[in-house]
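Okay, structure first, notes after.
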2 protein chains.
Amino acid sequence: MDNLDYEAVRDKLFELLNNREFRQLRQILEEMNEFDVSQFLAELDDQRMAMVFRMLSKTQAAEIFANLDVEDQEYIINSVTDWELAAIIEELYVDDAVDMMEELPANVVSRVMRTATPATRALINQYLRYPENSAGSIMTAEFIDLKKYMNVRESLARIRRIGADTEIIYICYVTAADRHLEGVVTVKDLLLADDEAIIEDIMDTNVISVQTTDDQEVVSEMFSDYDMLAMPVIDKEGRLVGIVTVDDVIDVIEQEATEDFEKMAAMLPSEKPYLKIGVFTFVRNRLPWLLILMLSSTLSGIILDKFEAVYVAVPLLVTLMPMLTDTGGNAGSQAATLIIRGMAVGEIEPSDILKVVWKEIRVAAICGFVLAVLNYFRIVAMYPGQSTVAFITCLSLMLTVILAKTLGGTLPILAKMCRLDPALMASPLITTLVDAVALTIYFTISAKVFGVV
Amino acid sequence: MDNLDYEAVRDKLFELLNNREFRQLRQILEEMNEFDVSQFLAELDDQRMAMVFRMLSKTQAAEIFANLDVEDQEYIINSVTDWELAAIIEELYVDDAVDMMEELPANVVSRVMRTATPATRALINQYLRYPENSAGSIMTAEFIDLKKYMNVRESLARIRRIGADTEIIYICYVTAADRHLEGVVTVKDLLLADDEAIIEDIMDTNVISVQTTDDQEVVSEMFSDYDMLAMPVIDKEGRLVGIVTVDDVIDVIEQEATEDFEKMAAMLPSEKPYLKIGVFTFVRNRLPWLLILMLSSTLSGIILDKFEAVYVAVPLLVTLMPMLTDTGGNAGSQAATLIIRGMAVGEIEPSDILKVVWKEIRVAAICGFVLAVLNYFRIVAMYPGQSTVAFITCLSLMLTVILAKTLGGTLPILAKMCRLDPALMASPLITTLVDAVALTIYFTISAKVFGVV
């Protein structure tokens, strides 16, 4: 197999570039796939990147351009002629063009819009009006539309005619004169049907579609449920306006998971890769939750304040405190994480709350019991003669684990019921709450047993 | 649009079933898509589920069967005749059949294997030998293979002939007589080319492929980099043995993200949905890490032990302790989460470690400073006259945040360098470590300032 692996040709490419053997360089680049070429470009300084980019064939250029960082895109736009720019824009798929426009500075956007043809300009404009992360904002307007009175031969001829400019040609949409979506037919159906068969007879009228304003998360859930290659997007009047393709959905799924990871670690989500984010953006994303959680910890402080006499009398209680609160926090985080993720992938519904509570209580009782027993022996071994403190600690530990898992299991569901994002109820908030609960249990029991306060 | 939404027909379906109007029920089910029918079946008790399942047309049955839970699959297998079972197995795509076989009890597996044709049996056997979560284990053996000397007309004829049984027909693979993969050609290429064109002239010889033993994570990363619909899987000798299709990759991406969520919350990953997992499996998945982390907290206990005299002398230090350790833990988790996720999606490489450290130190210095200043005023307001304790706490807070973010940023990268899973270095472990670090800083400064110990 003649696979031009990027790592294998990388040194060769740099050698040719340094020796200014552009002809041979261009030949190798044409053999490479677009993703690898864009990796090569990303390694070059701006000037050489723009120079190599201008060598590329027109068919490769648009797709490679779409793969570049927005900074590199901007540099290229500023270094090519209007004529070259127009060619790139027309070759770009509209969704890629729109992604780029949302990031570029205003003066560069206006130059792009000026050089685009009126039709492309209108299309980009129309896209930019859809809410962020909606089906409309990730759809592409290039799709194959057929009419129900066409036969298979005519349909294949139409695909041949308009297919070259279309992102996915394998799913064709049957529309009425007013652009109402009437059915869907795949190229597989067309190839397996008789040449004279009429589309109306072979099309599937049971079309799964989304609205332009639906959230992209809804779209990605439907893709994974229904195993589709493309999803039609209709407007409020039921007219077909675009399709979302499976490659964009893969990006959405990864992006949504990343957002949940960030929210669950008490951060505002960011759209760019880590290494591209500036220090001040990070501070803005991280500081608010650190601050809120720091102030919430005041609650634990107030509880401790109240029991000062207890721990001054029995300091060992302080020694064992981190073990108690950390274990409670971990137990709660485990439950919260499972429930938040389960709701995100559609496996758990708010109506399952009682099943969740019942399961968490049983899991917690077993885990809590095992941890408490082992911990008892550990404490007695390390602090001989302190079996009362060991017993109080282990009783508190077991109660804390049960409460922590119940809170961890229910709070994300309650958040969803209140139309809040369940991911907010993740480890950091649970940990802060469980701290307060654990300390209250621990010191209330201790105060009773030791007769202090 | 004539969209048979499941929610809309659900009541009707139950009514027809209860009135035993099976003919009409079967008609509606035939109009519905396979995912919705499987939702309906999942709501029925076992006996009625098996009865309705046997009404389905043969073309629908296999796909609906693949969507059912393994318990329902088992019940159906036990309630159909060998002849019906053989028909289902032959209709199933091999990857779905293998998924099922991995879950079923041994006696059911042996009945399935006995009723399958020898060819299917060999195929399933071959699959079951691939390591779990490898490309081999998720690939399908049904693909279109062409020869390079064929012309476009012959190729389309071959697709028409074998396409009905094939999961994805849009990407065709060109193989030599010894099954070596020589090139790839899409149905789009075929439709846009001349009927007499020879495959060798239009195929792309620069084929991206994976090995049967490659991890599924490698496969899913390549899909999202290269926007593919299917990926060829070759064996060690370079022979084409199967393809991985994009719908399976979507499942892999979701599964891998779920696994990372679970590992990062200190759990062993589980493959089933939450509501299907038993209490004892949950205990087995959660208890080991709770135990390890509980014992690690002993470290904090030992540190506190050493400084007993300090906090007995100044009890306010204990009151402020949860705020300090929680904030440190949260700051560390934020950094660790970003780095672990960044490495999982391929945005951060171990070689970026110095960039990460430098960025985290600057972010931490700013966050730590702001938190410390605000906290100082909060403490002085709540505990008038305690400005020395407030100062010590806030100095410790700032140092802790800087150390926590540095640890959070570097430990996952170091884990990856040591070929460990970076997800292990997530919040719970970072929290435990940061606790120990924070307490050491806090009490060392306090001991010096107050002259105790």
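The values are calculated or read from the model by the stated rules, or taken from the named source; none is laboratory data. For clarity, every value in this text was computed on a predicted model and none was experimentally measured. Positions of Cβ are backbone-derived with ideal geometry, glycine not excepted, and every protein chain shown enters the neighbour counts.
Could you run through the range A:200-221 and say how many residues are closer than 19 Å to A:Arg341 by Cβ, within 11 Å of chain B (Cβ to nearest Cβ) and surrounded by fewer than 21 Cβ atoms within 10 Å (Cβ to Cβ)?
1
Please find, among B:Leu403, B:Leu420, B:Leu414, the residue that is surrounded by fewer than 23 Cβ atoms within 10 Å (Cβ to Cβ), modelled with pLDDT under 90 and away from chain A (no Cβ under 14 Å). Steps first, answer last, please.
On the way: B:Leu403 fails: modelled with pLDDT under 90; B:Leu414 fails: modelled with pLDDT under 90.
That would be B:Leu420, the only listed residue that is surrounded by fewer than 23 Cβ atoms within 10 Å (Cβ to Cβ), modelled with pLDDT under 90 and away from chain A (no Cβ under 14 Å).
For the structure I just gave you, tell me whether A:Phe53 is within 30 Å of B:Asp235 (Cα to Cα) and either among the aromatic types (Phe, Trp, Tyr) or at pLDDT 85 or above (or both).
Values: within 30 Å of B:Asp235 (Cα to Cα): no; either among the aromatic types (Phe, Trp, Tyr) or at pLDDT 85 or above (or both): yes.
Here the answer is no, as A:Phe53 does not meet what is asked.
Among the residues that make up the range B:142-158, is at least one of them buried (at least 21 other Cβ atoms within 10 Å of the Cβ), more than 13 Å from chain A (Cβ to nearest Cβ) and not aliphatic (A, V, I, L, M)?
yes
Is it the case that some residue within the range A:37-60 is more than 14 Å from chain B (Cβ to nearest Cβ), assigned to a helix (DSSP H, G or I) and hydroxyl-bearing (Ser, Thr, Tyr)?
no
Quick check on this structure: which one of B:Ile303, B:Ile348, B:Ile340 is touching a residue at least 24 places away in the same chain (Cβ under 8 Å) and facing chain A (nearest Cβ under 7 Å)?
Working: B:Ile303 fails: facing chain A (nearest Cβ under 7 Å); B:Ile340 fails: facing chain A (nearest Cβ under 7 Å).
The conditions single out B:Ile348.
Just name the residue that is farthest from the chain's Cα centre (by Cα) out of those in the range A:358-382 that are free of Cβ contacts under 8 Å to residues at least 12 places away in the same chain, over 15 Å from A:Ile392 (Cβ atoms) and facing chain B (nearest Cβ under 9 Å).
For the range A:358-382, the residue satisfying everything is A:Met382.
Test of understanding: among B:Asp248, B:Asp201, B:Asp214, which residue is on the phi < 0 side of the Ramachandran plot and modelled with pLDDT under 90? Give the derivation first.
Working: B:Asp201 fails: modelled with pLDDT under 90; B:Asp214 fails: modelled with pLDDT under 90.
Result of the check over B:Asp248, B:Asp201, B:Asp214: B:Asp248.
Does A:Asp435 meet the test of being farther than 21 Å from B:Leu295 by Cβ, under 40 Å from the mean Cα position of the chain (by Cα) and of a type in the set (Asp, Glu)?
For A:Asp435, the condition - farther than 21 Å from B:Leu295 by Cβ, under 40 Å from the mean Cα position of the chain (by Cα) and of a type in the set (Asp, Glu) - is not met.
Find the residue count for the range A:18-36, including only residues that are of a type in the set (A, V, I, L, M, F, W, C), within 30 Å of B:Val210 (Cβ to Cβ) and either loosely packed, with under 14 Cβ neighbours inside 10 Å or away from chain B (no Cβ under 13 Å) (or both).
Within the range A:18-36, the first condition is being of a type in the set (A, V, I, L, M, F, W, C), and the residues that meet it are A:22, A:25, A:28-29, A:32, A:35.
Within this subset, residues satisfying the condition of being within 30 Å of B:Val210 (Cβ to Cβ) are A:25, A:28-29, A:32, A:35.
Narrowing further to those that are either loosely packed, with under 14 Cβ neighbours inside 10 Å or away from chain B (no Cβ under 13 Å) (or both): A:25.
Qualifying residue count for the region: 1.
If a residue has to be under 16 Å from A:Val434 (Cα atoms) and more than 8 Å from chain B (Cβ to nearest Cβ) to count, how many in the range A:311-328 make the cut?
The qualifying residues number 2.
Checking A:Thr281 against (1) over 30 Å from A:Ala381 (Cβ atoms); (2) more than 8 Å from chain B (Cβ to nearest Cβ); (3) buried (at least 16 other Cβ atoms within 10 Å of the Cβ), which test does it fail?
It is condition (3) that A:Thr281 fails.
Need a quick list: helices (runs of 4 or more DSSP H) entirely within the range A:264-372 having at least 3 residues that are under 29 Å from B:Val356 (Cα atoms). It would help to see each step written out before you state the result.
Numbers: elements: A:279-296, A:298-306, A:308-313, A:316-344.
In the range A:264-372, the matching helices (runs of 4 or more DSSP H) lie at A:279-296, A:316-344.
Which of the helices (runs of 4 or more DSSP H) found entirely inside the range B:106-209 contain at least 1 residues meeting this: in contact with a strand residue (DSSP E or B) (Cβ under 9 Å, 6 or more places away or on another chain) and of a type in the set (Ser, Thr, Tyr)?
Values: elements: B:106-115, B:118-128, B:135-138, B:152-162, B:187-192, B:199-202.
Passing ranges, in order: B:118-128, B:152-162.
When the residues of the range B:229-247 are narrowed to those that are of a type outside the set (Val, Ile, Thr) and at the interface with chain A (Cβ under 9 Å from one of its Cβ atoms), which ends up surrounded by the fewest Cβ atoms within 10 Å (Cβ to Cβ)? Give the steps one after another, and end with the answer.
If we filter the range B:229-247 for residues that are of a type outside the set (Val, Ile, Thr), which is where we start, we get B:229-232, B:235-240, B:242, B:247.
Cutting the leftovers down to at the interface with chain A (Cβ under 9 Å from one of its Cβ atoms) gives us B:229, B:238, B:247.
On the way: B:Leu229: 20, B:Gly238: 16, B:Asp247: 18.
Ranking the qualifying residues of the range B:229-247, first place goes to B:Gly238.
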